[in-house]
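The values are calculated or read from the model by the stated rules, or taken from the named source; none is laboratory data. Everything quoted here is computed from the prediction, not taken from an experiment. Every residue, glycine as well, gets a Cβ built from its backbone with ideal geometry; the counts of neighbours run over all protein chains shown. Ligands, DNA and RNA are stripped out before the accessible areas are found, and what is left, the full protein with its side chains, is counted by its heavy atoms. Shrake-Rupley method; radii C 1.70, N 1.55, O 1.52, S 1.80 Å.
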Amino acid sequence: MAEAPIADRAEFEQWYVASSYQRFVESEGAPLYQGSAIEDLGTLKLADWARRGGKVAYTRLADQEGLSLQIVEIPPGGELKPEHHMYDAIMLVIQGRGVTNIWQPGEQPHTVEWQEGALLAIPLNAYHQEFNSSGTEPCRFVMGTNMAEMINHFHNIDFIFNNSYVFSDRYSAAMDHFYVDQPKHWSLRLFETNFIPDVREFAVDAWREKGHRTGISRISMASTSLGLHILDVGEGTYATAHRHDAGPHVLQVGGTGYELLYFEGEEKPRRIPLHPYGVIAPKRNEFHQHFNTGKGPIRQVAFRRGPARYGTGAMYDPVGASQSVDPSATGYQINYEREDPSIREEYYKELERNGIELRLPPISQGRS
Ligand SMILES: [Fe+2]
């Protein structure tokens, strides 16, 4: 049989099915925020949420649909309808207080109380329901998720939200210590816990290789396939610039400063103010650098790939170099010695204005 001439073949629009995640967000009647950063998740405009009640918005930051955020608000005295889903979610409370009930079918709900700063794991496909405990103030939280990836992978919303499989290995009522606030310190910079009452108070381990007075801890929560870390950048210091593949979402939970974002060869970096609760999600190959300009450390919570405890076949690399697009010394990280002198100059002026002392050694004596 003769091949049909190209002119008779299906048009692109006839066969190509666009992102299921984007269609899902549209079906939720919710805004979808894009770009590399959102300055304040606390004031971000959300839409009324017919499916669960309250208000909601979603993100598609860094031009990727692997990791994303769901931002949720519950009005004073309000509650959401229960749900369960085939994607991982870790909840960060950014305003107010409330409770989450968590249960497997046929079991008693377990109630977790939370307030601003709490970090809480939602076990895979377990039922969960949130309530605002205040009758006068709204509460707002952010879910770090791999929902976009899972929705696109299966492109069947019913499978995602109406799947009856019970992951009793992940959670069951018998695991009565599941939400106890006692992190297990597996090794240097690696903890396991399912609930942190206030992430702003969590004691992190030092990470001298990444910069002076820098600390980090990776957290494994609810056996998720999400990676998570808490990073401190000390007063009077900034982290070295680096770049990698798109995906990590860095949420600002404490301190003030700014972020510089730029692509190689760009004349001027973009400058984003850092304060709670903003998020930075650099695009693929976009250099980024955190600057602390205030009193005390900057603290960031990052949702990322690479679960802390579960192997993915990739070489374990706490620095994240395995995610880098170009792992060569010049491509992945710009050490202080090689950075444009105007970067430190700008930082130094900012510190002077704020009456903060620079706590970095001079470039010539710094590390290479
Ligand atoms: Fe990064």
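Close amide-amide hydrogen proximity is noted between S133 and R97, G98, V99, each under 5 Å apart and 5 or more residues distant or on a separate chain (H modeled in the peptide plane; Pro and chain starts excluded).
Taking 17 Å as the cut-off, the amide N atoms of the range 71-97 that come nearer than this to a point 7 Å along the Cα-to-beta-carbon line of S225 belong to 85-90. The simple Förster model, with R0 at 22 Å and r as the Cβ-Cβ distance, assigns Q34 and D158 a FRET efficiency of 0.25.
Annotation: amide H of A246 within the under-5 Å range of R284, N285, sequence separation 5 or more or interchain, hydrogens built in the peptide plane.
Just checking the listed ones, A222, A18, A148: in the Gaussian network model of the chain with Cα springs under 10 Å, the one fluctuating most is A18. Ordering 121-130, 193-202 by mean Cβ neighbour count within 10 Å, with the highest value first, yields 121-130, 193-202. Accessible surface of the range 131-178, 1.4 Å probe: 52 percent of it comes from carbon and sulfur atoms. Here the contact order of the chain, divided by its residue count and restricted to Cα pairs under 8 Å and six or more residues apart, works out to 15 percent. Here the range 3-37 and the range 50-84 have alpha carbon centers that stand 22 Å from each other. Kirkwood hydrodynamic radius of the range 175-296, from the reciprocal of the average inverse Cα-Cα distance over all distinct pairs: 15.7 Å. Here the range 80-128 has 44 percent of its accessible surface on carbon and sulfur atoms, given a 1.4 Å probe and all protein chains in place. A Stokes-Einstein calculation at 20 °C with viscosity 1.002 mPa s, built on the Kirkwood radius of the chain over Cα pairs, returns a diffusion coefficient of 98 µm²/s. Spatial offset of the range 228-252 relative to the range 148-183 amounts to 28 Å, using the alpha carbon center of each.
Under 27 Å of direct C-alpha separation, and excluding same-chain neighbours fewer than eight residues apart, K349 reaches these lysines: K210, K268, K295.
Once you divide the Cα radius of gyration of the range 1-86 by 2.2 N^0.38 Å, the number left is 1.57. Eigenvalues of the alpha-carbon gyration tensor of the range 111-156, scaled by 5 and square-rooted, set the equivalent ellipsoid semi-axes at 26, 12, 11 angstrom, largest first.
A convex hull fitted to the Cα coordinates of the range 31-157 yields 105 cubic angstrom per residue. Computed with the Debye formula from one identical point scatterer per Cα of the range 131-173, without solvent, the log10 of I(q)/I(0) at q = 0.16, 0.19 Å⁻¹ comes to -0.73, -0.85. Helical runs assigned H by DSSP (4 residues or longer) give the chain a calculated mean residue ellipticity at 222 nm of -3000 deg cm²/dmol, each run adding -39500 (n - 2.57) before division by the residue total.
Here the range 1-59 exposes an accessible surface that is 55 percent carbon and sulfur, computed with a 1.4 Å probe and the other protein chains kept in place.
Of the trypsin sites (Lys or Arg not before Pro) found in the range 34-65, those in coil by DSSP whose Cβ has at most 10 other Cβ atoms within 10 Å are K45.
Ordering of 134-146, 156-168 by packing is 134-146, 156-168, highest average first (other Cβ atoms within 10 Å, averaged per residue). Relative to the current alpha-carbon distance between Q22 and E339, full extension at 0.36 nm per residue lengthens the span by 110.3 nm.
In the context of the full set of protein chains, the chain has a per residue accessible area of 46 Å² (1.4 Å probe).
With a simple spin-label model that places each label point 7 Å from the Cα along the Cα-to-Cβ direction, the separation between A10 and L358 comes to 6.1 nm.
For the range 259-275, 3J(HN,Hα) computed residue by residue from phi via the Karplus equation (6.51, -1.76, 1.60; θ = phi - 60°) reads 10, 9, 10, 7, 9, 3, x, 6, 5, 10, x, 7, 10, 10, x, 10, 7 Hz, glycine and proline entered as x.
In the calculated pair-distance distribution of the range 91-211, the portion above 24 angstrom amounts to 39 percent of the Cα-Cα pairs.
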